[in-house]
Amino acid sequence: MRYYVGITSVFCLCAALAACTVTDRGYRRLSTQNEACAGVVALSERNTEGKALEVGAQTLRASDDDYPLNCYFQSHRLPGVGAWQQQAEAVGKVVADVDRFDLAFVEISDQGQLHDAAQLSTLLERLRQNDRDGRQNFVVTYVHGWRHDAVLRDRDLQKFRILLGYSRAALNARCIDGGDYCNARLTGVFIGWRGRAFAEPPLTSDFGVTPFVAGALPTIFNRKTKSDDLGRGRESVLGQVLKAVEYPLALKQGDPRADKLLIVGHSLGGNMLSGVAEDYALDAIAKQRLPSRNGDDAPVMKPFLGDLVVLLNPAAEAAKWTSLQRAMRQRAGLRDDEFQIVGNVGGYDPVFRKRVRPWRLMFPLHQRPVYISITATANWFQNAQNSREVRSDFATSTLFPITRSLIGKKGAEETKAIGHLVPTYSKAPDNPRPLSQVERGRAQPREILVGPPIGATHEMSVNDSGGAPASYGNSTVPDLSWCSAANGWLYQARRAKKALNGGGVNATDAGWEYGLERAPDGPLQAMPNIAVGHNAASVQWRHALYLRGRENRASVASSRSPFWNVRAYDTAVKEHAGWVSYPMWCAINQLVLDDVTYRGRPDEIVAEVIEEQIEEEKAVRALNP
């Protein structure tokens, strides 16, 4: 009897769980031929796809067949952007879409097919129509992660609309300030897949431990495997969709007159995207021509997918990034057991310098990033006066390696996520020979690697948030959403570091930093580099690692590398779900919309700060030879 009771209980439990399983389906299936899809959606500042929506004299509900938010191509009007219009009129500028953006859905099935091919074809036709109308396209494509899909009221979709609001603000600011992007049309592309395999309410996945986690947690294994499959190389369904979106666009990195394409993936969406990007990146590295002896003719690596690919807290094994790092070293002729990097203890050894030169100078001083991973990490350098617990990404730092180990994966590169693999350093021994006065004036090596030169390479933080949290409503207020152009910042930061290290042929620009400036009395302070003249928002980038107990560890990436594996402080990205940040998103937009490696006259704020930094650091070194 007990045997039958047990079998019945198991059967009932399986049936209950099956009833809570989300079917593999598309959600935004309403065709643009439907009259409901012809209008403009005006969501309130709350940015919710609620149960009721006022459309003209009608009140429509989500259950209605002609509910506009079920359309697979939507036009949105931001709430209350009169202030942006006033800013433009004050300087005689006309912004074509000061309060508008389009939102397209492309949904992928578990079988690696489109749920509705019309979703993609409609998007591509709209992009072509923009071109025929003489409009510039700025396309932001987003691939969501685990516990999400394209269902109404999905939390990731809410966040994506907030970021689109800030991208609209970035376009407005560039038109008002410099006359660029005045006729640009902003299109967001939400790529949906069955990341939410357990039928929890759409808005619960951001709120930590809830009763729904118990049902969702077992799906992580299958969803990770499925995300691998859907993004396995350029020929995968995701790879084909992204290339299709890119095809109608006339892209040219750094040119404000060209179309722009920013591609972003979060969590398991980042894992999907990393599989596609890895395929393209390995091919690009293999084709990269090595520089001549002096490195002056190093070729620029052009973007291989859009203008920039960005992973946010990617739930992807580190091997998908270390494969690129190893490929670059091998392309430069270095063996796997050679751990030398710029700034190593052998930095002044002529043999070492010659050996590492092809890797160090593989890219020019004006190389832009083409592929970035950003992860909220712990293990930060803390001083005694300001130590606190950093809010890192628990999902990728703890849950990810546990699940990888449970399926039999071994080794740090297979069990740790991309952003949590940190190079292994050791203190450097004393230099084997006395240094000359010139050498003492250069940055001295502080540690050497005792493991492979793989793992995290850069860091970023937000030093000032600008005074208000990111929100849909705030994206319509110029002083809370302004995103200034930052032409030349990356080139100038590298040039400044090279000048500090002597400026000669052998001087390195490794360890460059941007986002801090010295106050008149000497201490470093945040540089207002996001909304100059509007708020004090500040972002800091650096080509170095500041790990706990030790500051300024040399990066294992070339200072000119187009691949950045970025550790993010929790002021920039907070935990797994906290990736909506106005200053951080502006910094990403700057990398796409602006010519950050412009070699002519840089933006005034960049030029002043870089020159002051050079003079101040020269003075500091003179006092401390």
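The values are calculated or read from the model by the stated rules, or taken from the named source; none is laboratory data. This is a predicted model, so every value here is computed, not measured. So basically every Cβ, Gly included, is an ideal-geometry build from the backbone, and we count neighbours across all protein chains shown.
Could we say that Q525 is without any contact (Cβ under 8 Å) to a residue 40 or more places away in the chain and part of a strand (DSSP E or B) here? Steps first, please.
On the way: without any contact (Cβ under 8 Å) to a residue 40 or more places away in the chain: yes; part of a strand (DSSP E or B): yes.
Criteria met by Q525.
Only one of (1) farther than 22 Å from P364 by Cα; (2) modelled with pLDDT under 90; (3) crowded, with 19+ Cβ neighbours inside 10 Å is not met by S538, so which one is it?
Going through (1) farther than 22 Å from P364 by Cα; (2) modelled with pLDDT under 90; (3) crowded, with 19+ Cβ neighbours inside 10 Å one by one, S538 breaks only (2).
Please work out which residue is farthest from the chain's Cα centre (by Cα), limiting yourself to region 277-324 and to residues that are of a type in the set (S, T, Y) and within 25 Å of P452 (Cα to Cα).
S323
So, in region 423-470, how many residues would count as being in a loop (DSSP other than H, G, I, E, B) and at pLDDT 95 or above?
4
When you go through (1) crowded, with 24+ Cβ neighbours inside 10 Å; (2) under 25 Å from the mean Cα position of the chain (by Cα) one by one for R185, which number turns out not to apply?
The one condition R185 does not meet is (1).
I'd like to know if region 80-91 contains one or more residues that are at pLDDT below 95, within 24 Å of R29 (Cα to Cα) and out of contact with any Lys or Arg (no Cβ under 7 Å at 6 or more places or on another chain).
No, region 80-91 contains no residue that is at pLDDT below 95, within 24 Å of R29 (Cα to Cα) and out of contact with any Lys or Arg (no Cβ under 7 Å at 6 or more places or on another chain).
Looking at the structure I just gave you, is G192 small (G, A, S), in contact with a strand residue (DSSP E or B) (Cβ under 6 Å, 6 or more places away or on another chain) and closer than 26 Å to D99 by Cα? Explain how you work it out, then say what you get.
Numbers: small (G, A, S): yes; in contact with a strand residue (DSSP E or B) (Cβ under 6 Å, 6 or more places away or on another chain): yes; closer than 26 Å to D99 by Cα: yes.
For G192, the condition - small (G, A, S), in contact with a strand residue (DSSP E or B) (Cβ under 6 Å, 6 or more places away or on another chain) and closer than 26 Å to D99 by Cα - is met.
Scan (1) at pLDDT 90 or above; (2) crowded, with 19+ Cβ neighbours inside 10 Å; (3) part of a loop (DSSP other than H, G, I, E, B) for the single condition F339 breaks and write down its number.
Only one criterion in (1) at pLDDT 90 or above; (2) crowded, with 19+ Cβ neighbours inside 10 Å; (3) part of a loop (DSSP other than H, G, I, E, B) is unmet by F339, namely (1).
If S121 satisfies every condition in (1) surrounded by fewer than 24 Cβ atoms within 10 Å (Cβ to Cβ); (2) of a type in the set (S, T, N, Q); (3) in a helix (DSSP H, G or I); (4) touching a residue at least 24 places away in the same chain (Cβ under 8 Å) but one, which is the exception?
Just one mismatch for S121, condition (4).
Might you let me know whether region 199-208 holds any residue that is over 22 Å from the mean Cα position of the chain (by Cα), touching a residue at least 60 places away in the same chain (Cβ under 8 Å) and under 22 Å from Q136 (Cβ atoms)?
Scanning region 199-208 turns up no residue that is over 22 Å from the mean Cα position of the chain (by Cα), touching a residue at least 60 places away in the same chain (Cβ under 8 Å) and under 22 Å from Q136 (Cβ atoms).
For the list (1) under 23 Å from the mean Cα position of the chain (by Cα); (2) over 30 Å from G145 (Cβ atoms); (3) at pLDDT below 90, I need the number of the one condition that Q525 fails.
So Q525 meets the others, but not (1).
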